[in-house]
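Below is one structure, written out as structure tokens, with a few remarks after it.
We did not get these values from a lab; they are worked out from the coordinates using the rules stated. Just so it is clear, the model here is predicted, and its values are computed rather than measured.
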Amino acid sequence: MEIFLAEFELYVLLALVRLGGEAYGAAIRREIESTTGRSVSIGAVYATLGRLDDKRLLRHRISEPLPTRGGRARKFYRLTAKGERALRHSTSMLHRMMTGPTLTLETEL
């Protein structure tokens with residue numbers, strides 16, 4: 001059974017891959033914003049991480065609290081094997097759709 005990813009789910013999973021072992025909520029948000037130029041709310045990131053976790057496409061571990069006053073623990077995320085398969089499948093489909101005839105858009109003013 002193939003898992004189909006929504007656009008933002010794809011962004012989040014790709015950010016996880018790009019960040020490696022340093023993928024936590026705020027870093028994921030920054031990675032998506034800097035790569036896409038799109039403004040992203042932290043709530044959208046955490047809601048998506050929750051959905052992806054429910055689908056068992058990622059796992060998380062909780063770090064020790066940061067060694068600063070009031071330092072909080074971070075939740076670091078990584079792909080599962082199922083998440084890697086879903087990401088490969090989605091990016092492969094997207095690549096196939098993008099290759100071939102040149103896309104020409106006509107716009108009306």
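General observations
- Where only C-alpha atoms are counted, convex hull volume of segment 8-75 per residue in Å³: 95 Å³
- Springs join every pair of Cα atoms under 10 Å in this Gaussian network model of the chain, and among Thr48, Thr80, Thr35 the largest mean-square fluctuation is at Thr35.
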